[in-house]
Amino acid sequence: MAKNTQANPDEMSFLDHLEELRWHLIRATLAIVIVGTVAFIFKDFIFDSIIFAPANPDFISYELLCKVAQMVGSDKGCVNEMDFTIQNRTMGGQFNAAIWTSIIVGIVVAFPYVIYEFWKFISPGLYEKERKNSRGFIIISSLLFFMGVLFGYYIIAPLSINFLAGFTVGDMVKNEFDIGSYIGLVRASAL
């Protein structure tokens with residue numbers, strides 16, 4: 001904690017609180033940057049196995065949907081092909097996509113630590129009863145966050161991609177999506 005004031009050693013001044021907050025934010029940001037840097041190093045795996053996975057017909061969600069459809073006697077739920085291409089239309093498009101995806105991965109993976117830093121700043125201001133009642137806050141909030149990300153990634157993203165990739169206004173129009181548009185859809189669905 002920051003140094004206490006002279007008048008009352010149990011209270012901190014406004015500037016002491018800002019200094020304390022600053023260090024919590026620095027540590028949280030550093031965690032995001034470190035995880036984001038590691039994500040950038042493994043960008044090939046992240047793009048091939050995670051980001052572009054819902055664009056493949058053999059994605060696990062499509063296979064499960066097909067099995068459920070076959071159980072009820074229909075093949076309409078099976079995805080056999082994804083009829084679209086992903087393009088890069090700007091000079092720095094792929095680099096920007098890699099950087100921003102790494103930052104988002106950093107935020108998602110470092111989320112428990114960011115919440116922990118937030119909690120370390122807030123908890124000294126709580127009464128003992130409030131602290132006791134909020135035990136498990138970091139674990140529960142992280143668990144709910146990751147459940148939401150997984151639900152968005154495995155349910156919302158594939159259904160959105162399948163629907164939007166297959167939607168046409170006529171035979172004259174071919175679907176060719178920009179990489180930023182595709183990644184934005186996956187990111188918005190998962191987060």
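If the condition is being under 17 Å from the mean Cα position of the chain (by Cα) and exposed (fewer than 13 other Cβ atoms within 10 Å of the Cβ), then the range 43-66 contributes PHE45, ASP48, SER49.
Being small (Gly, Ala, Ser), at pLDDT below 85, farther than 24 Å from ARG187 by Cα and in a helix (DSSP H, G or I) is not true of SER74.
Where residues in the range 46-67 are in a helix (DSSP H, G or I) and among the polar types (S, T, N, Q), which of them is modelled with the lowest pLDDT?
SER61
Sub-6 Å Cβ pairs linking a first residue in the range 59-88 that is in contact (Cβ under 8 Å) with a residue 40 or more places away in the chain to a second residue that is loosely packed, with under 14 Cβ neighbours inside 10 Å and of a type in the set (Asp, Glu), at least 6 apart or interchain, are THR85/GLU176; GLN87/GLU176, ordered by first then second residue.
Checked across the range 133-150, the condition of being on the phi > 0 side of the Ramachandran plot, in a loop (DSSP other than H, G, I, E, B) and under 28 Å from the mean Cα position of the chain (by Cα) holds for at least one residue.
Of all residues in the range 77-110, which are in a helix (DSSP H, G or I) and of a type in the set (Gly, Ala, Ser)?
GLY93, ALA97, ALA98, SER102, GLY106
The values are calculated or read from the model by the stated rules, or taken from the named source; none is laboratory data. These numbers come from a predicted model, not from an experiment. Glycine gets a Cβ as well: all are built from the backbone with ideal geometry, and neighbour counts include every protein chain shown.
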